[in-house]
Amino acid sequence: AVPRNYDPALHPFEVPREYTRALNATKLERVFAKPFLSSLDGHRDGVNCMAKHPKSLSTVLSGACDGEVKIWNLTKRQCVRTIQAHEGFVRGMCARFCGTSFFTVGDDKTVKQWKMESPEYGEEEEPIHTILGKTVYTGIDHHWKEAVFATCGHQVDIWDEQRTSPMCSLTWGFDSISSVKFNPIETYLLGSCASDRNIVLYDMRKSTPLKKVILNMRTNTLCWNPMEAFVFTAANEDYNLYTFDMRFLESPMTVHMDHVSAVLDVDYSPTGKEFVSASFDKSVRIFPVDKGHSREVYHTKRMQHVITVKWTSDNKYILCGSDEMNIRLWKANASEKLGVLAPREKAAMNYNQKLKEKFQYHPQIRRIAQHRHLPKSIFCQIKEQRIMREARRRKELNRRKHSKPGSMPFVSERKKHIVAVVK
Amino acid sequence: MQPIRPKSALSTVKKELTKVKQKKAVELPLSKEEAERVVREAAYVRTSKDVGKWQQVVLQNRRAEQLVFPLKQEIATVVPLEQVVSTWKARTPLEQEIFGLLHKTQQPITDPLLTPEETASLQAMSLEEARQRRAELQKARVVQSYYEAKARREKKIKSKKYHRVLKKSKRRKALKEFEQLHKTDPEAALARLEELEQLRMQERMSLKHQNKGKWARSRAIMAKYDLEARKAMQEQLARNKELTQKVRVELPEEEPSDVPEEDLTSGTVPAIPAGASGANPWMLGKPSGPTEEPKAQEGLENVAVPDAVESKEEMEEDEEEEELSEEEALLQDFAQKRHVRQQQARSLEEQGGELTARECVSGVLQGWAKARGVVGAVFCPEGGIDQRGVITEAFAGDDVVADFSREKRKAEEAAKPQPVNLVLPGWGEWGGTGLKPSARKIKRFLLKPPPAPPRKDQHLPHVIMSERRNIHAAAHQVSELPFPFEKHQQFEQSIRTPVGATWNTQRAFQKLTTPRIITRAGHIIQPLSAEDVPDMATPAGAGAKPALEIVPQRPEPPCRRRRRRAR
């Protein structure tokens with residue numbers, strides 16, 4: 001090794017030199033931020049739902065609005081198998097935890113179980129198992145460890161795979177439930193979102209709902225954090241996402257605000273530190289769990305309303321399915337270099353990352369780091385919504401100023417969006 | 001018979017009434033909704049407690065400096081070879097036969113440190129002997145491995161120059177050896193000669209180095225334009241000549257007759273024997289080349305062969321000398337040049353320095369003299385005392401210190417925050433020309449600002465530090481304390497400590513720049529499960545327990561020794 005003298009008198013101007021390096025690193029990060037990888041084309045109607053293969057990183061399943069289910073190979077970026085699963089929408093699909101089969105529910109009131117392998121030569125594409133129901137099922141999710149799955153429609157049904165009638169049905173009130181999700185860590189817990197603007201938690205062991213929280217507007221989907229057992233995030237119609245702690249439902253842990261239209265889907269990163277959300281404004285945003293604003297936004301001129309989004313299990317890619325029949329593959333870190341890195345490269349990237357974190361509060365660096373190009377519609381909507389929010393805030397301030405002190409209590413932003421918690 | 005005496009009906013009724021009054025009313029069963037609610041609440045409380053056991057784990061993960069995914073890392077261990085081999089058994093008849101044979105002769109099946117024979121012999125020896133023997137074996141092995149390594153290294157060398165030099169030295173060595181051999185063991189020398197004859201025969205037969213092959217033909221095309229190609233072809237022909245050279249051995253009896261015959265037959269290198277009388281009368285006299293060799297004294301026996309050898313040797317030695325002398329000359333040349341350069345540099349520095357300093361001083365002096373109108377000042381750059389006198393004369397009317405303090409006071413006054421004057425004449429008292437507002441009013445409306453913080457140059461009488469805010473610098477600086485920090489000093493310290501490799505040792509740099517999340521490419525990250533956390537804290541004793549290890553301690557994978565780069 002080269003002998004070095006670390007005497008600080010020989011290496012002056014540490015802070016300005018590192019600041020310059022941080023500035024360059026931030027600029028280069030923006031230069032190399034090219035997250036779009038490819039678009040999977042083949043569906044003949046909008047993509048309605050997606051499912052990840054639990055054992056294979058290169059497989060993804062998608063269901064379209066014309067009842068077609070396609071299985072894609074992400075390395076070749078080709079469709080490997082097509083199944084005409086349902087007549088009508090494919091409302092929901094999920095893969096079994098072992099990876100050998102998957103389930104789909106559709107508008108034709110059926111639940112079908114299919115094999116993950118392609119059929120042999122000469123065999124026809126047939127489901128292993130079909131369950132005919134009396135009502136439309138709008139969502140399905142499989143247990144993470146046992147041979148149990150749950151569907152939702154009019155009520156939440158929990159099925160054993162071998163039976164044709166549900167083991168138990170959980171109801172609380174009369175409303176249609178749009179999605180249901182199992183907790184990956186405490187696997188007996190379920191969460192569901194109903195059209196009555198509420199989120200209900202269920203316990204499968206005791207076959208009873210637990211608690212209901214009513215928000216201002218309807219929640220479209222929810223997703224459990226794979227690393228934190230009691231945390232889930234709900235994607236709401238009022239353009240926000242709410243991260244809740246299951247034990248304290250009176251106020252969410254964080255309110256994530258950045259979308260300009262209804263948020264339709266949310267999925268967690270397998271590390272549990274970030275999540276991705278798909279919205280009716282034609283963009284996909286990545287939020288850190290503890291921050292209130294997004295760190296990244298992905299959009300394309302060709303991508304219309306994004307209906308479904310998934311974060312792959314190796315924490316590297318994001319898949320989003322949209323209205324215009326395409327599934328797009330993006331990088332989770334836009335400026336990341338894929339592939340094997342030499343040790344020097346890795347060291348340099350780590351150093352740059354550390355510098356960017358160190359100087360992130362400096363105005364010039366923050367300005368460059370948070371700058372994103374946005375499509376005109378979103379950009380104008382953001383400005384408009386900022387003006388509206390400012391107006392509301394000003395009105396509230398004025399009211400408080402001109403009324404009896406103490407008559408207008410301060411309500412925290414978190415509690416503003418919760419209507420009630422029902423036991 | 002006695003008449004029926006009617007019982008009092010009241011008593012029974014009374015009894016029943018008292019009974020009913022004592023018993024409490026059965027409670028109304030809960031309505032379905034209420035029952036459900038009760039069940040839900042209980043279930044919720046229970047579930048919250050169950051889920052709360054993950055609290056510590058979650059907090060630890062949030063605070064952790066680094067998270068490594070996937071959590072369960074299976075390290076593929078390499079089974080040691082001995083284990084694999086020992087578990088193997090002979091199955092087929094062929095294998096069994098061979099193994100039987102090996103067993104009989106006690107040959108080692110596996111590759112142990114000592115074969116059975118060696119162990120037996122070791123047991124036969126005493127301890128000391130055994131030790132000696134082992135040391136010998138070890139030494140032999142070490143020497144063997146050293147030579148192997150050396151040979152491997154040498155085999156890798158590709159440089160042409162090295163190989164040319166090596167060939168030359170080998171040739172010289174071979175000749176020297178032959179000489180030695182000739183002196184000591186004529187029989188062996190004869191054998192060697194025969195070998196050489198063999199080589200010569202082969203060369204004549206094979207027509208190899210005759211510029212006829214594919215390579216030579218391609219070189220011939222290039223030879224027209226390329227000097228090196230020409231040289232290569234010539235080298236090939238020279239090699240041919242060398243190999244087909246007749247190696248002559250003069251046996252004392254046959255000397256006179258053989259030599260001329262062989263001369264005629266070979267017709268190759270014209271060896272000029274120094275004073276070879278009898279054979280060729282025209283060849284009498286001193287030859288032109290440097291033939292003074294001590295080896296010529298050996299005798300006519302060694303005339304022919306060693307002559308060729310000698311001439312070659314001479315040439316090589318000359319070349320060597322020349323080379324040496326050339327090298328020496330080069331080195332001397334370099335040294336001289338370096339010396340000259342250094343001298344020049346030194347002289348330049350001195351001259352240049354002096355010149356610039358002198359120019360400066362004289363320029364300044366002249367300028368001042370002109371400004372002050374000092375007439376008649378004589379400027380002589382040489383001489384120190386003269387100069388000082390001149391300077392004092394020039395700056396006689398200057399009081400620098402007072403000027404500076406005046407300037408500093410002015411700057412201080414300017415920087416002081418000014419009181420805001422809101423006084424308006426009239427408004428509650430008489431106002432007009434020549435009238436001053438009352439003291440009370442002035443006191444009320446002259447807003448004094450809070451005293452400014454002490455200046456940084458307070459204790460430095462000869463320094464003025466401007467307290468003005470540099471707008472261009474402020475655009476790049478942080479204006480408010482960012483969220484995670486509580487004090488200004490914390491933030492400033494975090495910015496002040498350098499992170500790069502220029503200011504930190506390599507280990508420190510690596511530790512400072514470790515990434516927060518590490519994932520493995522191509523590995524699926526499963527959700528957290530109870531198996532990943534070896535010991536989950538119960539909700540009751542949550543606070544007391546120390547931080548849990550979410551990443552199970554795994555043994556360090558065997559690290560490869562870093563190959564030292566050859567310098």
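The values are calculated or read from the model by the stated rules, or taken from the named source; none is laboratory data. Since this is a predicted model, take the numbers as computed values, not measurements. In this analysis, Cβ positions are derived from the backbone assuming ideal geometry, glycine residues included, and neighbour counts consider all displayed protein chains. Heads up: the accessible areas ignore ligands, DNA and RNA and are worked out on the full protein's heavy atoms, side chains in. Shrake-Rupley method; radii C 1.70, N 1.55, O 1.52, S 1.80 Å.
For the set B:Leu175, B:Leu512, solvent exposure ranked by accessible area (probe 1.4 Å, protein chains only) runs largest to smallest as B:Leu512, B:Leu175. Taking amide H as placed 1.01 Å from N in the peptide plane, A:Met325 has its amide H under 5 Å from the amide H of A:Gly46, A:Val47, each at least 5 places away in sequence or on another chain. On the beta carbon distance between B:Ala473 and B:Arg141, with R0 = 60 Å, the FRET formula returns roughly 0.30. Restriction of the trypsin sites (Lys or Arg not before Pro) in the stretch A:45-129 to DSSP coil positions whose beta-carbon has at most 11 other beta-carbons within 10 angstrom yields A:Lys76.
For the stretch A:14-30, backbone phi angles converted through the Karplus equation (6.51, -1.76, 1.60; θ = phi - 60°) give residue-by-residue couplings of 5, 5, x, 5, 5, 4, 5, 5, 5, 4, 4, 4, 5, 5, 5, 4, 5 Hz, Gly and Pro being listed as x. Rounded to the nearest 10 degrees, what's the angle between the helix A:376-401 long axis and the longest principal axis of chain A, both from Cα atoms, 0 to 90? Roughly 80 degrees between the two axes. In the stretch A:173-193, burial by the other protein chains removes 20 Å² or more of 1.4 Å probe accessible surface, compared with the chain on its own, from A:Ile185, A:Glu186, A:Tyr188.
Shape summary of chain A, radius of gyration then Dmax from alpha carbon positions: 23.9, 81 Å.
Rounded to the nearest 20, the Cβ-based charge dipole of the stretch B:33-82 about its Cα centre (Lys and Arg +1, Asp and Glu -1) stands at 220 debye. In this label model, B:Asn280 and B:Val26 are separated by 14.9 nm, measuring between points 7 Å along each Cα→Cβ vector. To the nearest 10 degrees, how steeply does helix A:343-358 sit against the main Cα axis of chain A, on a 0 to 90 scale? Tilt of helix A:343-358: around 80 degrees. Taking 1.567 mPa s as the viscosity and 4 °C as the temperature, the Stokes-Einstein diffusion coefficient of the stretch B:1-82 based on its alpha-carbon Kirkwood radius rounds to 59 µm²/s. Each of A:Cys193, A:Pro16, A:Pro343 was scored by the projection of its Cα onto the charge dipole of chain A, and the greatest displacement toward the positive side belongs to A:Pro16; charges sit on the C-beta of Lys, Arg, Asp and Glu. Within the stretch A:305-347, the residues that become at least 10 Å² less accessible when every protein chain is included than when their own chain is isolated (1.4 Å probe; DNA, RNA and ligands ignored) are A:Ser313, A:Asp314, A:Asn315, A:Lys316, A:Ala347. The shape of the stretch B:26-162 can be summarised by an equivalent ellipsoid whose semi-axes, obtained from the alpha carbon gyration tensor, come to 73, 30, 19 Å from longest to shortest. Amide H contacts for A:Val421 (H built 1.01 Å from N in the peptide plane; partners 5 or more residues away or on another chain; cut-off under 5 Å): A:Ile214. Here B:Asp333 and B:Lys161 are evaluated by their C-beta separation; at R0 = 30 Å the FRET efficiency comes out at 0.90.
Its residues counted as N, the stretch A:148-229 yields a C-alpha radius of gyration over 2.2 N^0.38 Å of 1.04. Between the listed residues A:Pro119, A:Val90, A:Ala150, the Cα displaced farthest toward the positive end of the dipole of the stretch A:40-154, a dipole computed from Cβ unit charges relative to the Cα centre, is found at A:Ala150. Think of the stretch B:470-524 as a dipole: +1 on every Lys or Arg Cβ, -1 on every Asp or Glu Cβ, centred on the Cα centre; then among B:Phe483, B:Pro515, B:Val499, B:Pro515 lies furthest on the positive end. In straight-distance terms, cross-link reach from A:Lys401 covers every one of the lysines whose alpha-carbon lies under 29 Å from its own, apart from those fewer than eight places away in the same chain; here that gives A:Lys383, A:Lys415, A:Lys416. Backbone geometry of the stretch B:507-519 corresponds, through the Karplus equation with coefficients 6.51, -1.76 and 1.60 at θ = phi - 60°, to 3J(HN,Hα) couplings of 5, 4, 4, 4, 5, 5, 9, 5, x, 6, 10, 10, 10 Hz, x marking Gly and Pro. Over all directions, the projected convex hull of the C-alpha atoms in the stretch A:239-341 averages 7.1 nm² in area. Annotation for A:Asp196 and A:Ser261: the two label points, set 7 Å from Cα along the Cα-Cβ direction, are 3.0 nm apart. Full extension of the chain segment joining A:Ala342 with A:Asn216 gains 40.3 nm, where the gain is 0.36 nm per residue of separation less the Cα-Cα distance.
With a 10 Å cut-off around each Cβ of A:202-209, the average count of Cβ atoms from other chains is 4. About the centre of its Cα atoms, the stretch A:178-280 shows a dipole size close to 380 debye [charges on the beta carbon of Lys, Arg (+1) and Asp, Glu (-1) only; nearest 20 debye]. Solvent exposure of the stretch A:1-114, expressed per residue, is 47 Å² of accessible area, with all protein chains present and a 1.4 angstrom probe.
For the stretch B:1-79, the carbon plus sulfur part of the accessible surface works out to 58%, probe radius 1.4 Å.
Accessible surface of the stretch A:254-337, 1.4 Å probe: 50 percent of it comes from carbon and sulfur atoms. Only protein heavy atoms count here; on that basis, with a 1.4 Å probe, B:Phe334 has an accessible area of about 110 Å². Ranked by the mean number of other Cβ atoms within 10 Å of their residues, highest first, the peptides B:467-479, B:179-191, A:271-283, A:380-392 fall in the order A:271-283, B:179-191, A:380-392, B:467-479.
Contact residues in the stretch B:17-46 by the 30 Å² criterion (accessible area, 1.4 Å probe, full protein complex versus chain alone): B:Arg40, B:Glu41, B:Ala43, B:Tyr44. Normalising the average separation of contacting C-alpha pairs (under 8 angstrom, six or more residues apart) by the number of residues puts the relative contact order of the stretch A:252-358 at 19 percent. Using 19 Å as the Cα-Cα cut-off, could you pick out the over-long pairs in A:Lys145/A:Lys211; A:Lys331/B:Lys72; B:Lys408/B:Lys456? Exceeds cut-off: A:Lys145/A:Lys211; A:Lys331/B:Lys72. Between A:Val340, A:Val156, A:Val263, the residue with the greatest mean-square fluctuation in the GNM of chain A (Cα pairs under 10 Å linked by springs) is A:Val340. Peptide B:486-499 has a mean shielding of 3, counted as Cβ atoms of other protein chains within 10 Å of each residue's Cβ.
Take B:Leu59: with every protein chain present and a 1.4 Å probe, its accessible area is about 50 Å². Check which residues have an amide H placed less than 5 Å from A:Thr254's amide H, if you skip close sequence neighbours. Hits under the 5 Å cutoff: A:Thr243.
Buried accessible surface for the B/A pair, both sides summed and rounded to the nearest 100, is 4900 Å² with a 1.4 Å probe. Entry note: the stretch A:204-265 has Rg to Rh equal to 0.99, where both radii use alpha-carbon atoms and Rh is the Kirkwood radius.
Using a Förster radius of 30 Å, what is the FRET efficiency between A:Asp41 and A:His417 based on their Cβ-Cβ separation? Nearest 0.05, please. So, using R0 = 30 Å, E works out to roughly 0.20. Taken residue by residue and averaged, Cβ atoms of other chains lying within 10 Å of the Cβ of B:58-64 number 3.
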